[in-house]
1. Out of 39, 76, I need the residue that is surrounded by fewer than 19 Cβ atoms within 10 Å (Cβ to Cβ), touching a strand residue (DSSP E or B) at 6+ places or on another chain (Cβ under 8 Å) and modelled with pLDDT of 95 or more. Which one?
2. Which one of 127, 154 is in contact with a strand residue (DSSP E or B) (Cβ under 6 Å, 6 or more places away or on another chain) and either buried (at least 22 other Cβ atoms within 10 Å of the Cβ) or over 25 Å from residue 212 (Cβ atoms) (or both)?
3. For the stretch 127-182, name all the residues that are part of a loop (DSSP other than H, G, I, E, B), free of Cβ contacts under 8 Å to residues at least 24 places away in the same chain and under 13 Å from residue 216 (Cα atoms).
4. Restricting attention to the stretch 415-427, does a residue exist that is without any contact (Cβ under 8 Å) to a residue 12 or more places away in the chain and in a loop (DSSP other than H, G, I, E, B)?
5. Within the stretch 131-139, is even one residue touching a strand residue (DSSP E or B) at 6+ places or on another chain (Cβ under 9 Å) and over 30 Å from residue 245 (Cβ atoms)?
6. Looking at residue 327, is it at pLDDT 95 or above, buried (at least 17 other Cβ atoms within 10 Å of the Cβ), over 17 Å from the mean Cα position of the chain (by Cα) and within 26 Å of residue 384 (Cβ to Cβ)?
7. What is the number of the single condition among (1) surrounded by fewer than 10 Cβ atoms within 10 Å (Cβ to Cβ); (2) touching a residue at least 12 places away in the same chain (Cβ under 8 Å) that residue 381 does not meet?
8. Do we have residue 65 as more than 14 Å from residue 111 (Cα to Cα) and touching a helix residue (DSSP H, G or I) at 6+ places or on another chain (Cβ under 9 Å) here?
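The values are calculated or read from the model by the stated rules, or taken from the named source; none is laboratory data. Just so it is clear, the model here is predicted, and its values are computed rather than measured. Glycine also receives a Cβ, built like all others from the backbone with ideal geometry; neighbour counts cover every protein chain displayed.
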């Protein structure tokens, strides 16, 4: 089908008031990606040459996300007069021509490129209308797909169905493919002679059949067509996505010690031979190279973990964290916009922000880079093989040279040359007998209060 043009029309105009949110429904996230972006991504992976998104009035945020995800054309449905009416808002995109037109929904984030590809295959084989359906043990509330052998003859809404038709468990997902040559004619023939006075996309099936055109149904997995209208359904979609992604990650050669506790983002990329311990969360923008180990209770976002590196437990990698090969990042370490070169160690209780750390450097426990003065962020540069003693504060901008040492407890405000020692702390003073006298005095005061 690579030689066939494909227009995806993504309907994203729903208000979603049951979400109880000021955020438009289709912008709620599954796996740290807006639902509408999932749908557009699936369409593009299925070969869409163009994507048109239909949004509601004033939905600038939806339009912006859809455009960023790959929708090249944005149309607005001002009046909500049904699904066929919504699709026709993209009339200009449809009229521009495509072999395949597939209507998708911005609140159905689990549909896969493979399933969309099956719709396109039926269009390529000569069907004018292709409907994605599923079988369910509880079809109540769904439109039923009525077939005659291999042909789809109608979609019957439950309220209009006979008793025999209600017994059918083959249900409409709402996703429909149309032959580009017939799409506009079929859509324009849809009327609104129904109780709601709306234009239903489902009517395209009977119109096509009445014109001697072929309509077929493609069966998919019910789970794939989960729509989202409330927070519970959003949580269900999240669970399904995570189940899918865990299975795919395991199949790719990654070890998940407790798969059900690991949370992935939609764009998480992990190479084979990585080990992920329990209760790890991946935010967007994370890549993990071969042989790395992510220990328990770590949180990563916008970060790269190099080959053979170790992260955690209880570590946080924030956007801009880049760990080279064989880096060690230990417990209660946070790295933000920090580049840590091969073999360096940042093992405990440390904050690294806006910094570069050279190969095989060692950062002691309790070290922080003081990168922010309330107005700007500044860079700390730590050289190859440098050793920063525990409980040190490096006040940026500052450079620690190759092989330099920083004494424990230092507050470093000036550059430290290579192979030098910097000690910046107050002189220790010892007063013998002070502690005993202090305790005696406090005991007398306490006794006086009681008296």
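1. Exactly one residue qualifies, and that residue is 76.
2. Result of the check over 127, 154: 127.
3. Passing the criteria: only 149.
4. Scanning the stretch 415-427 turns up at least one residue that is without any contact (Cβ under 8 Å) to a residue 12 or more places away in the chain and in a loop (DSSP other than H, G, I, E, B).
5. No: zero hits.
6. yes
7. Only one criterion in (1) surrounded by fewer than 10 Cβ atoms within 10 Å (Cβ to Cβ); (2) touching a residue at least 12 places away in the same chain (Cβ under 8 Å) is unmet by residue 381, namely (1).
8. yes
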